[in-house]
Amino acid sequence: MSKLKSLEMAAAVESNQNIAVKRSFMGLCEKVTYTPTGSAVVCKRMYCQPDDGRRIQELVETTPDRLAAKVKQMPKVDPVAIGNLLVETAISKDRRFVAVQLFKYADFTYVPMTEPTFYEGEQAELVSIVL
């Protein structure tokens with residue numbers, strides 16, 4: 001499990017109006033909470049195959065009215081040990097909040113392929129199924 005501050009999209013997640021971050025013990029411990037439900041948020045980084053990366057990119061580009069249909073046709077992302085595509089996620093334990101961003105490895109660093117994308121409520125529950 002990654003900490004929020006280790007994510008490239010940390011600033012975007014922290015600036016979300018429905019996220020509260022409390023740091024203690026000289027900034028070493030942090031608690032990230034989705035405030036509407038009080039649920040803890042788990043932050044992860046995982047590498048994925050090119051096919052999964054393509055599907056994630058299509059998912060974040062999907063309009064809200066087509067999201068359910070898109071998720072139904074997507075398999076769950078299968079993490080790999082190391083890869084040239086990196087997915088960062090922040091998902092509340094109750095699945096009512098999801099933040100996701102996709103990166104690709106280029107020029108010895110991971111560069112964003114998508115902007116940080118946020119989902120809440122039913123949309124977050126749908127997206128969390130495949131992440």
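Taking every residue in segment 65-77 that is under 19 Å from L102 (Cα atoms) and pairing it with any residue that is hydroxyl-bearing (S, T, Y), at least 6 positions away or on another chain, the pairs with Cβ-Cβ distances below 6 Å are K70/T62. If you check V100, V87 for being of a type in the set (V, I, T), at pLDDT 95 or above and over 19 Å from S39 (Cα atoms), only one passes: V87. The set of residues from segment 31-43 being surrounded by 16 or more Cβ atoms within 10 Å (Cβ to Cβ) and of a type outside the set (S, T, Y) comprises V32, V41, C43. Of everything listed in (1) closer than 20 Å to T114 by Cα; (2) among the polar types (S, T, N, Q); (3) modelled with pLDDT of 95 or more, the single unmet condition for T37 is (1).
Among the residues of segment 9-44, those identified as part of a loop (DSSP other than H, G, I, E, B), within 16 Å of the chain's Cα centre (by Cα) and over 16 Å from A124 (Cα atoms) are M9, S15.
Scanning segment 51-63 for residues that are in a helix (DSSP H, G or I) and exposed (fewer than 14 other Cβ atoms within 10 Å of the Cβ) turns up D51, E58, E61. Scanning segment 66-77 turns up no residue that is in contact with a strand residue (DSSP E or B) (Cβ under 7 Å, 6 or more places away or on another chain), surrounded by fewer than 18 Cβ atoms within 10 Å (Cβ to Cβ) and under 23 Å from L4 (Cβ atoms). For segment 14-58, filtering for residues that are within 29 Å of I82 (Cα to Cα), basic (K, R) and free of Cβ contacts under 8 Å to residues at least 12 places away in the same chain leaves 2.
The values are calculated or read from the model by the stated rules, or taken from the named source; none is laboratory data. No experiment lies behind these values; they were computed from the predicted model shown. As a convention, Cβ positions derive from the backbone with ideal geometry for all residues, glycine included, and neighbour counts pool all protein chains shown.
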